[in-house]
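Please read the structure below before turning to the comments.
Bear in mind that the values in this text are calculations on the coordinates, not laboratory data. Because the structure is predicted, anything quoted here is derived from the model rather than measured. Note: ideal-geometry Cβ built from the backbone for every residue, glycine included; neighbour counts use all protein chains shown.
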């Protein structure tokens with residue numbers, strides 16, 4: 001890695017290097033998107049799984065509209081998992097002369113039609129294939145890639161907020177991200193909103209700015225709305241320049257079930273299997289399946305230290321997935337894999353930088369042998385492997401990996417996560433409160449409803465869809 005100050009960023013870019021800056025703080029994640037949009041001169045290309053219609057979603061959309069008003073060409077690609085009531089807003093955006101909006105794998109029945117339920121049944125397997133990508137591209141110069149969707153919970157503005165990671169990219173990896181965007185933008189599964197439901201009346205464009213951020217306001221924390229994106233980069237944790245970084249992705253044709261040999265999992269598996277000393281996995285939804293369990297157990301047998309951080313039942317936002325994961329806890333622990341589950345913080349035990357009442361893990365990352373890492377949208381579950389299209393940043397750099405491990409270790413700390421163990425043949429959870437170790441014999445902090453739902457899923461044959 002090159003952290004010298006004698007070579008300019010432009011020189012490094014010309015040399016084919018990639019600059020990576022880890023964005024972990026939720027407030028910074030919002031700020032960097034605002035500042036990046038405001039810096040746009042030529043193009044703004046966005047692809048997201050979810051874009052919520054809340055304060056953060058509207059504020060960022062207003063920044064996008066503002067860029068279009070300045071003459072910036074804007075292209076927005078959204079997965080059709082977004083609520084169908086947004087069609088009017090989508091049409092309004094698409095009507096702007098500088099904005100084009102497409103939906104990925106859209107349903108044909110829009111805006112609450114009862115025929116939509118028939119379509120969901122008749123196209124069940126096709127409709128479960130979603131574009132899970134998250135990328136924010138500006139002028140082919142800057143890219144933001146990672147795990148965050150657009151919405152309050154991803155930027156510290158909700159009662160319960162996600163703990164997540166992004167990379168701010170410069171250099172060679174930006175073009176790689178651009179190529180991925182172009183492939184999805186031009187694929188047959190991406191369709192313009194006005195070809196899907198042109199009869200829906202468009203909203204007024206100015207109604208999209210209810211959550212706008214003024215020029216005189218602080219965006220979040222210490223980041224000024226008057227700051228430039230270059231100033232944000234300079235005040236951050238430092239840009240890591242390396243030749244060993246790539247943005248990788250499932251092909252767009254995965255939505256049709258085509259060419260499985262080119263799917264992302266087939267690039268990641270050899271890296272995981274090649275671990276020699278240390279493997280750390282962070283996945284909010286963790287369902288390894290029997291092949292994954294065998295892979296991890298085999299690594300431990302070879303002397304690899306393997307740990308997994310996921311959500312506790314009380315912290316997860318998808319109890320169904322947790323129910324399937326629960327079937328693997330005992331086998332994982334018996335294979336001597338270290339298991340950690342994020343705690344759900346409340347008002348009395350809030351140590352989150354987000355200032356929120358609760359937290360849920362949303363980071364998808366891993367590190368191998370303290371030299372290689374990955375941050376992106378890929379969960380270790382059947383849905384990411386076979387159904388959703390995924391992307392992320394793969395890099396080999398010891399100092400950047402050390403920075404990522406430091407953040408993972410902070411999440412695994414006993415004040416932040418439960419350590420899951422087997423004592424006396426029974427599962428238990430341990431944490432540390434005010435210097436005292438507490439042991440729980442049942443899922444800590446989870447409501448009876450969540451416990452019942454998770455237990456029900458443990459016995460249903462639906463793991464492949466989770």
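Quick rundown of the values:
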item	result
By average C-beta atoms within 10 angstrom, highest first, the peptides 53-62, 413-422, 428-437	53-62, 413-422, 428-437
Tail fraction, Cα-Cα pairs, the range 229-375, threshold 21 Å, whole percent	57 percent
Solution diffusion estimate, µm²/s, Stokes-Einstein, the range 365-448, Kirkwood Rh from C-alpha pairs, 37 °C, viscosity 0.692 mPa s	212 µm²/s
Scaled radius of gyration (Cα, divided by 2.2 N^0.38 Å) that the range 253-465 gives	1.01
Relative contact order (%) - criterion: Cα under 8 Å, at least six apart; region: the range 253-465	23 percent
Mean separation of Cα contacts under 8 Å (6+ apart) over length of the range 39-97, as relative contact order %	46 percent
Order of 78, 50, 400, 453 under a 10 Å beta carbon neighbour criterion, fewest first	453, 50, 78, 400
Protection proxy ranking, peptides 21-29, 401-409, 176-184, average beta carbon neighbours within 10 Å, highest first	21-29, 176-184, 401-409
